[in-house]
1. Using a cut-off of 23 Å between alpha-carbon atoms, which lysines can reach K90, once sequence neighbours fewer than 8 places away in the same chain are excluded?
2. Checking the a/c ratio against 1.5 first, then a/b against b/c, what shape does the Cα gyration tensor give for the stretch 1-76?
3. Among bridges DSSP assigns within the chain, what percent are antiparallel (round to 5)?
4. With a 10 Å radius around each residue's Cβ, average the other Cβ atoms per peptide and rank 184-194, 229-239, highest first.
5. Kindly write out, for the stretch 100-109 in residue order, the coupling ³J(HN,Hα) from the Karplus curve 6.51 cos²θ - 1.76 cosθ + 1.60 (θ = phi - 60°), rounded to whole Hz, with x marking Gly and Pro.
6. Can you tell me which of 28-36, 97-105, 164-172 comes out highest on packing, and rank the rest after it, using the mean Cβ neighbours within 10 Å?
7. Given contacts defined as C-alpha pairs under 8 Å and at least six residues apart, what's the relative contact order of the chain, whole-number percent?
8. For the chain, what does the alpha-carbon gyration tensor say about shape, rounded, prolate or oblate, given a ≥ b ≥ c as the root eigenvalues, a/c under 1.5 as rounded, and a/b over b/c as prolate?
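Readers should treat all values here as calculations from the given coordinates under stated rules, not as data from a laboratory. Predicted, not measured: the structure shown is a model, and the values here were computed from it. Quick reminder, even Gly has a Cβ in these numbers, built from the backbone with ideal geometry, and neighbours come from all protein chains shown.
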Amino acid sequence: RGKRAFIAGIADDNGYGWAISKSLAAAGAEILVGTWVPALNIFETSLRRGKFDESRVLPDGSLMKITKVYPLDAVYDCPEDVPEDVKTNKRYAGSTKWTVKEVAESVKEDFGSIDILIHSLANGPEVSKPLLETSRNGYLAAISASSYSFVSLLKYFAPIINPGGATISLTYIASEKIIPGYGGGMSSAKAALESDTQVLAFEAGRKHKIRVNTISAGPLRSRAAKAIGFIDMIIDYSLENAPLQKELSADEVGNVAAFLASPLASAITGAVVYVDNGLNAMGVGV
Ligand code: NAD
């Protein structure tokens, strides 16, 4: 039977999550999506109205099918964790069972198991502030949404990921090299995500026979990246300085995710795989 993938972190057709889903779908996987609760309505409406149809086209001409969209807020593990003001917020009140534990339970109920788990989400409320000006709350919120969210997803989904399965997150080079502008504790969050990739590869490998990798992606003009504010400058910098002087397409990241999720990568786990036109390898811009 074909593989089944759950992709957390899609709310439009511009980001890495969408491109990864397309590559997985093109390779024959069934696609389940987890969408941030406040973005759910507009995403589902746009899907239904055909707004994404052009970007749903797969290489064979067919349209990517999304079997089910689940509401998800990956900063909450279970209903007891949700504060009253969020529960009653009108953007949340219309949806149910969107904490990580509940989503994993729903997927189990609906489909039994999955083979591939993709974490393509991040949030840092103070991302535009330098680290030196970041508040404790802002820093912890970045870590919660961008790093612990992966620990939590893996924790609750691992029991329903078939042995031989694969999990992938997305990281950014700001974790290991200074990228001024990637603030608010987001650089710290990506460093945690990469370190956790190794520890979780060990733990989930031994316990569940599943692989854990992360893709360090080059810059893409996604919704999240536009919110940071410096994305055009970073794209220009890469065009000028990377070994491969071309714009990075989201599909190039999607294709590597499909490879990493496939049996072709059955011995790769605990890895940070760079998909950035080689920019990470440069020591100085020329
Ligand atoms: P994106 O906006 O398409 O994806 C981010 C998603 O996270 C959004 O759909 C948003 O709704 C969701 N999200 C935010 N908080 C959430 C929460 N609490 N629960 C559930 N979902 C939540 O942007 P993207 O750039 O494609 O980001 C995907 C991943 O790629 C992120 O981890 C990002 O850090 C990483 N990345 C992006 C770039 C880039 O240049 N765009 C580079 C390297 C890595």
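1. The reachable lysines, counting only those whose Cα sits under 23 Å from K90, are K68, K101.
2. oblate
3. 5
4. Working: 184-194: 24.3, 229-239: 15.7.
Final packing ranking: 184-194, 229-239.
5. Each residue's phi maps through the Karplus curve to give 4, 4, 5, 5, 4, 5, 5, 5, 4, 4 Hz.
6. Order by mean packing, descending: 164-172, 28-36, 97-105.
7. 20
8. Numbers: a/c = 1.31, a/b = 1.15, b/c = 1.14.
It comes out rounded by the Cα gyration axes.
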